[in-house]
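Have a look at the structure that comes next, please.
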Amino acid sequence: MSRRPRKAAGAGPSRPTVSVCRGCCCGTPKIPGVDHANQLAELRRSLDGAATVRAVECLDACEHGNVMVVQPSAEGRRAGGRPVWLGLVNDPHAVADIAAWAADGGPGLADAPEILDLYAFSPSRRIRAGLEGEGS
């Protein structure tokens, strides 16, 4: 069991967060045919003011590169939303769908476009805890 102090009820980000892996494999020439810089810039442009977009180091799910995690806002978490891990996000249409969902409120507040079910995966508990522990 973790001995980390819990945040006060209601604490947390006021808007969803989209974490974009830019470590070991994601965001590198190891995934050819993807304009990684444009992908990140497009997310930031699309979500300006609606969600936080952050580039993070390797999320240790390289077999799913490019990986993005959509984390709920505090309100979304209170409504039952949990982080959603998306892999193989190598298509501009998928990036647009992720941006639209996060702009609508993200996990817990808006339904994800059904097409994103094809990208969703469950990382190991160790990997999941690493990201969710810092952004919850």
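Can you tell me which residues in segment 46-69 are in contact with a strand residue (DSSP E or B) (Cβ under 6 Å, 6 or more places away or on another chain) and outside any loop (DSSP other than H, G, I, E, B)?
If the condition is that a residue be in contact with a strand residue (DSSP E or B) (Cβ under 6 Å, 6 or more places away or on another chain) and outside any loop (DSSP other than H, G, I, E, B), then Leu47, Thr52, Val53, Arg54, Ala55, Val56, His64, Met68, Val69 are the ones that fit.
OK, next. Right, Asp111: surrounded by fewer than 17 Cβ atoms within 10 Å (Cβ to Cβ), part of a loop (DSSP other than H, G, I, E, B), free of Cβ contacts under 8 Å to residues at least 24 places away in the same chain and more than 13 Å from the chain's Cα centre (by Cα) or not?
So Asp111 passes the test.
Please work out which residue is surrounded by the most Cβ atoms within 10 Å (Cβ to Cβ), limiting yourself to segment 12-28 and to residues that are β-branched (Val, Ile, Thr) and out of contact with any Leu (no Cβ under 7 Å at 6 or more places or on another chain).
In this case the residue turns out to be Thr17.
Given the structure, is Leu43 part of a helix (DSSP H, G or I) and under 22 Å from Cys25 (Cβ atoms)?
Yes, satisfied.
Can you confirm whether segment 34-41 contains a residue that is at pLDDT 95 or above and among the acidic types (Asp, Glu)?
no
While we're on this one: Yes or no: Ala129 in a helix (DSSP H, G or I), hydrophobic (A, V, I, L, M, F, W, C) and either surrounded by 20 or more Cβ atoms within 10 Å (Cβ to Cβ) or at pLDDT below 95 (or both)?
So Ala129 fits the description; yes.
The values are calculated or read from the model by the stated rules, or taken from the named source; none is laboratory data. On a predicted model such as this, the values are computed, not experimentally measured, just so you know. A quick note on method: Cβ atoms are made from the backbone with ideal geometry, for glycine too, and the neighbour counts reach across all protein chains shown.
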